[in-house]
Amino acid sequence: MAETIRPIDSEELARLRADTPGLRHQTFLLSCGASLMPRPVHDAMRAYLDLELMQGGYGAAETEAKKLDDVYPSIARLLNASPDEIALVENATVAWQLAFQSFQFHLGDAVITAEAEYAANYVMLLQARKRYGIEIRICPSNAFGEIDVEALSALIDSRVRLIALTWIPTNGGLANPAAEVGRIARAHGVPYLLDACQAVGQLPIDVEALGCDFLAGTARKFLRGPRGAGFLYVNSRMMTTLEPPMIDHYGAPWVSIDRYELRPDARRYESWENNYAARIGMGIAADYAIAIGLDRIESRCNHLARRFRDGLGLQRGARLHDLGQAPSAIVSFTLDGVDSNDVVSHARSHKVSISTSMASSTRIDAERRNLRTLVRVAPHYFNDESEVDHALEVIGSAAKTAGSHLLCHTSGS
């Protein structure tokens, strides 16, 4: 019998909202872009910057050495990993690139990806094809829009060097069956790189259950950390076979005139200089999410996203473009006759923060489904039902406003 997930009740929600001053002046539904930091994250970063103000960068780092080192176990707990499998980097894109470029590709090597792959990752695949002559194999989607795991198995042969998948794409609401992909990758002995940029802070993550060899994540989205901080999980098995594409004397100490030695842990993927304040903020954000419970966060996000989808379904001219059997908290839609950028601008004028997703962000999926720029809405656990309902009202008024403008234009012509 499945364990019942304790919901976030009104009293706890009030505390979480009190921790989020950015909610006081807006309805914020943009955690898929860059979420609102909770106060403890901001306070920790500000305290560290105050130390840098008074002690300089080196002095502050020495004073707070333990806090900085504690970020590794915090991220490890978030992923069910070991601290020595965590590298702290600038963002999820850098994390993904470091992992991908660790592979020494040759002419004829193949990389498998999905139709909803994110632009930043896919352009690197294109660059690798241009530089090394790799083959990009795009796994088709199943009837639900998810990566087709049966088709994936059929695509794997001796030439496949890597499977690269975006777990939750930037558009479409999709949550790919990442663990199923991991099972297939391990069965065939193929390394597996998972982009978890939108999953981190929204879903429970267990890298062992996922079966991934690399996982890239960011602080700024659903984890509610600062911009300019991310991480890379590297399975310990990979550290015996791969070398980072770029190294310095931190990741690979210079041990003699003619020799360097890679660090034995994932920090070999790091460089000496970095944003310590952002790292501390990311660690606090991870602790904050863990304290709430990722299973509870996922349940709350799903509840609010479902409420939004249901409400949108009642609006004339609204078209959902979400995929998957178990959609994520990212809701993607368009309004008939209304440009998506105008919807976002209209919402902003009513202090509702949402965003768009351009076709170029997931071009294969967008062209396959003939999608234009979409509106994105992403509720998080700190939102309440009234905010979801208010956003729906504002979006509905955007359609009415566009309709009245069109009527006036037609009448005056």
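Values quoted throughout were computed directly from the atomic coordinates according to the rules given, and no laboratory measurement underlies them. These numbers come from a predicted model, not from an experiment. A quick note on method: Cβ atoms are made from the backbone with ideal geometry, for glycine too, and the neighbour counts reach across all protein chains shown.
Here are the numbers for this structure:
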read-out	value
Cα lying deepest toward the dipole's positive end in the chain, options TRP96, SER361, ALA175, charges on Cβ	SER361
Net lengthening on full extension, ARG307/ARG131 (0.36 nm per residue, minus Cα-Cα)	58.7 nm
Sequence ranges 50-61, 172-183, ranked by mean other-Cβ count within 10 angstrom, highest first	172-183, 50-61
Translational D in µm²/s for region 108-258 (Stokes-Einstein at 20 °C, 1.002 mPa s, Kirkwood Rh from C-alpha pairs)	130 µm²/s
Cα gyration tensor category, rounded, prolate or oblate, for the chain with a/c compared to 1.5	oblate
Where GluC sites (Glu not before Pro) fall in DSSP loop in region 203-294, at most 16 other Cβ within 10 Å	GLU261, GLU273
Charge dipole (debye, nearest 20) of the chain; +1 at Cβ of Lys and Arg, -1 at Cβ of Asp and Glu	880 debye
Sorted by Cβ density within 10 Å, fewest first, the residues ASP336, ASP109	ASP336, ASP109
Pair HIS350, PHE144: separation of 7 Å Cα→Cβ label points (nm)	3.3 nm
Antiparallel bridge percentage (DSSP; both residues within region 41-291; nearest 5)	45 percent
Among ALA60, PHE28, ALA47 the positive-end extreme of the charge dipole of the chain (Cβ point charges)	PHE28
Spin-label pair ASP248/ASN370, simplified geometry with 7 Å Cα→Cβ offset, distance in nm	5.1 nm
Loop chymotrypsin sites (Phe, Trp or Tyr not before Pro), region 105-157, which have at most 14 other Cβ atoms in a 10 Å radius of their Cβ (DSSP)	PHE144
Sorted by Cβ neighbour density within 10 Å, fewest at the top, the residues LYS67, LYS221, LYS400	LYS400, LYS67, LYS221
Pair LEU49, GLU208: separation of 7 Å Cα→Cβ label points (nm)	3.9 nm
